[in-house]
Amino acid sequence: MSSADAQNTLQMAQAANQANQTYNDVSAKIPQGTKDFLSSAKNKVLDNDNLRSFSVFLGTGEESAYQVVCNPTVLCGRLKDNILFFYLNYILVAALVTIIALLALMINPATIIMVLIIGVCWSA
């Protein structure tokens, strides 16, 4: 191992140590009640029991999974029930799309233009 590699490793270790120290300092300043509240909220929202299987999420095997209703009162109720039932699936899909989009942007910056064009077309 060369001295440059050793110096680089030492700098990375010092940066990691400083980041851990900063994290611990910030974490110590947060009141315990706030930590408990956030932990409880995280456990309620991200409960694995609320993650539905993709066959249920996509409606495969159901006779009328995508029946369209034009009555606004029925539609609003169905949308509310759907969001409450599948919210964790929607969060997972949004996270995956975001990760894939960010990776695509990092690999090929020209996709920024393509994403902007798709966004403009979609909003029109």
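GNM remark for the chain: springs join alpha carbons under 10 Å apart, and the peak mean-square fluctuation among GLN32, GLN11, GLN67 falls on GLN11. For the chain, the longest principal axis of the Cα atoms and the long axis of helix 3-29 meet at an angle of about 60 degrees.
For the chain, modelled as a Gaussian network with Cα springs under 10 Å, which listed residue fluctuates most, SER53, SER27, SER39? Result: SER27 has the largest fluctuation of those listed. Charging the Cβ of each Asp and Glu at -1 and of each Lys and Arg at +1, and nothing else, the dipole of the chain about its Cα centre rounds to 260 debye.
The mean accessible area for residues of the chain, using a 1.4 Å probe and ignoring ligands and nucleic acids, is 84 Å² per residue. Rolling a 1.4 angstrom probe over the chain with all protein chains present gives an accessible area of which 67% lies on carbon and sulfur atoms.
May I ask for the equivalent-ellipsoid semi-axes of the chain, computed as the square root of five times each C-alpha gyration tensor eigenvalue and listed largest first in whole Å?
Details: eigenvalues 356, 138, 45 Å².
Those come to 42, 26, 15 Å.
Where is the GNM fluctuation largest for the chain (alpha-carbon springs, 10 angstrom cutoff): TYR66, TYR87, TYR23? It is TYR23. With the convex hull drawn around the C-alpha atoms of the stretch 78-124, the volume per residue stands at 60 Å³.
The values are calculated or read from the model by the stated rules, or taken from the named source; none is laboratory data. Values in this document were obtained by computation on a predicted structure and should not be read as measured data. Heads up, the Cβs are rebuilt from the backbone with ideal geometry, glycines too, and the neighbour counts pull from every protein chain shown. Only protein heavy atoms, including side chains, enter the accessible area calculation; ligands, DNA and RNA are left aside. Shrake-Rupley method; radii C 1.70, N 1.55, O 1.52, S 1.80 Å.
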